[in-house]
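*Asks:* Pasting a structure below so you can have a look.
The values are calculated or read from the model by the stated rules, or taken from the named source; none is laboratory data. All values derive from a computational prediction rather than experimental measurement. All Cβ positions, even for glycine, are placed from backbone atoms using ideal geometry, and neighbour counts span all protein chains on display. All accessible areas refer to the heavy atoms of the entire protein, side chains included, with ligands and DNA or RNA removed. Shrake-Rupley method; radii C 1.70, N 1.55, O 1.52, S 1.80 Å.
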Amino acid sequence: MADTSIKEDALDNQHRLIISESGFPPEERPQKTKRLASLDIFRGLTVALMILVDDAGGEWPMIGHAPWNGCNLADFVMPFFLFIVGVAIALALKRIPDRLMAIKKVILRTLKLLFWGLLLQGSFTQDPDKLTYGVDMKKIRWCGILQRIALAYLVVALLEITTKKAQAKDLSPGQFSIFKLYCWHWLMGACVLIVYMAVSYGTYVPDWHFTVYDRDSVNYGKVLTVACGVRGKLDPPCNVVGYIDREILGMNHMYQHPAWTRSKACTEYSPDKGPFRKDAPSWCYAPFEPEGILRFFISAILSTIIGVHFGHVIMHLKGHSDRLKHWVVMGFGLLVLGITLHFTDAIPLNKQLYTFSYVCVTSGAAALVFSFFYVLVDVWGMRFPCLPLEWIGMNAMLVYVMAAEGVFAKFINGWYYGDPDNTLINWIQNHIFIQVWHSRKVGILLYVIFAEILFWAIVAGILHQLGLHWKL
């Protein structure tokens with residue numbers, strides 16, 4: 001994740017940074033920094049939420065991704081990450097005075113994120129319960145969480161670098177002066193929104209067909225056809241988002257188990273997983289990429305720009321009350337706009353399509369959550385209760401790789417006794433949590449909270465005390 005260090009003086013509302021290291025010209029000296037604790041805690045909460053919804057969502061479908069329209073707890077995770085990256089961009093890049101050096105750092109970090117994204121999301125280490133290794137290049141998944149973050153970071157960070165002169169300016173009087181100061185950011189956001197809307201509602205989606213490769217499916221090996229021949233649809237089979245991914249990425253490189261398989265049209269067990277209905281439409285068996293190409297333009301860039309704006313507020317507005325007033329008003333405004341668009345049937349909330357209403361609701365929620373932690377920690381100084389989340393946030397990449405992506409669990413499951421199902425993790429789940437509580441749902445939930453989230457918080461805390469952090 002992007003580095004979130006900020007100068008201690010910046011927290012005290014000083015715009016001119018004092019540098020004490022020797023051996024550098026004043027304009028090139030590296031700046032001593034103090035981390036913004038509320039942002040670390042917010043990042044830690046987001047990683048913890050990802051672990052929770054991924055590992056407990058199977059037993060608690062109401063916290064997993066919405067099958068199509070709607071917004072569950074899991075649907076807030078990705079936009080929260082993008083918002084945090086945006087705040088970090090504003091605070092971190094202002095400490096690099098040389099533009100060329102900043103561009104080099106941004107490109108290098110982007111390449112690192114893409115590498116890890118392909119390694120983790122490309123199925124090389126997927127599914128801790130299956131003792132498999134390697135990836136079939138014919139079926140590698142090109143898109144993923146870190147890839148989306150990488151591309152959003154690249155675009156918005158380069159925009160921030162090219163408009164760096166605005167950071168040195170004082171705000172002119174007026175309620176919207178900070179928006180005017182960074183008008184190029186909002187112009188970029190408006191452009192990507194217009195392009196997304198034009199493509200989504202104006203592109204013709206023809207009929208399409210696919211081969212079912214799921215060996216457990218009754219249609220295995222069959223070629224199924226989906227009838228479309230329309231434009232402007234936002235339903236599962238005929239939206240332009242899926243059409244572009246099918247044409248560019250190819251069916252084999254898309255996510256093979258999309259959330260729409262839990263929709264009412266596909267299964268009677270909706271919103272939980274279950275056997276498909278006998279009359280399930282053909283598209284229920286098709287792949288769909290939730291992190292695909294077109295969604296990058298609206299959600300990734302726009303959510304990150306909103307985060308950058310919150311970083312700009314820290315840099316320019318004086319006093320906690322001024323910052324919080326700006327953040328809270330903007331957060332509630334985005335929430336109201338998104339909810340209004342959804343319930344008036346103008347633009348539905350949809351994570352799979354990353355609709356504009358979804359961006360508004362999730363960004364508004366991110367604004368309010370960040371404001372809450374800012375008051376709690378940076379204003380009131382109540383840092384101790386949030387230490388586990390802060391530790392995770394300071395070592396987010398480590399916890400993401402080991403816990404959220406299941407690398408550590410897969411390593412442990414590789415050591416079994418007699419039977420591949422007889423592993424330490426399964427024993428802990430069954431004997432310490434499920435059997436004690438006489439409920440698989442409650443047992444799995446508590447296992448994820450204590451044996452995964454809290455465990456990795458402690459590990460991250462120990463590493464922090466040792467001065468060890470995994471940074472990209």
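*Asks:* Which numbered condition in (1) in a helix (DSSP H, G or I); (2) aromatic (Phe, Trp, Tyr); (3) farther than 21 Å from Gly64 by Cα is the only one that Tyr358 fails?
*Replies:* (3)
*Asks:* Looking only at residues that are open to solvent by 10 Å² or more (accessible area, probe 1.4 Å) and among the basic types (Lys, Arg) in the stretch 300-344, which one is nearest to Val195 (Cα to Cα)?
*Replies:* Ranking the candidates gives Lys325 first.
*Asks:* Could you tell me whether the stretch 366-387 includes any residue that is open to solvent by less than 20 Å² (accessible area, probe 1.4 Å), part of a helix (DSSP H, G or I), of a type outside the set (A, V, I, L, M, F, W, C) and over 30 Å from Ser321 (Cα atoms)? Break it down stepwise before answering.
*Replies:* At the first step, the residues of the stretch 366-387 found to be open to solvent by less than 20 Å² (accessible area, probe 1.4 Å) are 366-367, 370-371, 373-374, 377, 386.
Among the residues that remain, those that are also part of a helix (DSSP H, G or I) are: 366-367, 370-371, 373-374, 377, 386.
Going one step further and asking which of them are of a type outside the set (A, V, I, L, M, F, W, C), we end up with 371, 374.
If we keep only those that are over 30 Å from Ser321 (Cα atoms) as well, we get none.
There is no residue in the stretch 366-387 that is open to solvent by less than 20 Å² (accessible area, probe 1.4 Å), part of a helix (DSSP H, G or I), of a type outside the set (A, V, I, L, M, F, W, C) and over 30 Å from Ser321 (Cα atoms).
*Asks:* List the residue pairs whose Cβ atoms are under 6 Å apart, where the first residue sits in the stretch 135-150 and is open to solvent by 80 Å² or more (accessible area, probe 1.4 Å), the second is not in a loop (DSSP other than H, G, I, E, B), and the two are 6 or more positions apart or on different chains.
*Replies:* Lys138/Asn252; Lys139/Asn252; Trp142/His253
*Asks:* When you go through (1) closer than 24 Å to Ala150 by Cα; (2) in contact with a helix residue (DSSP H, G or I) (Cβ under 7 Å, 6 or more places away or on another chain) one by one for Asn219, which number turns out not to apply?
*Replies:* Result: Asn219 fails condition (1) only.
*Asks:* Could you please let me know if Lys278 is at negative phi, of a type outside the set (Gly, Ala, Ser), touching a residue at least 60 places away in the same chain (Cβ under 8 Å) and open to solvent by 30 Å² or more (accessible area, probe 1.4 Å)?
*Replies:* For Lys278, the condition - at negative phi, of a type outside the set (Gly, Ala, Ser), touching a residue at least 60 places away in the same chain (Cβ under 8 Å) and open to solvent by 30 Å² or more (accessible area, probe 1.4 Å) - is not met.
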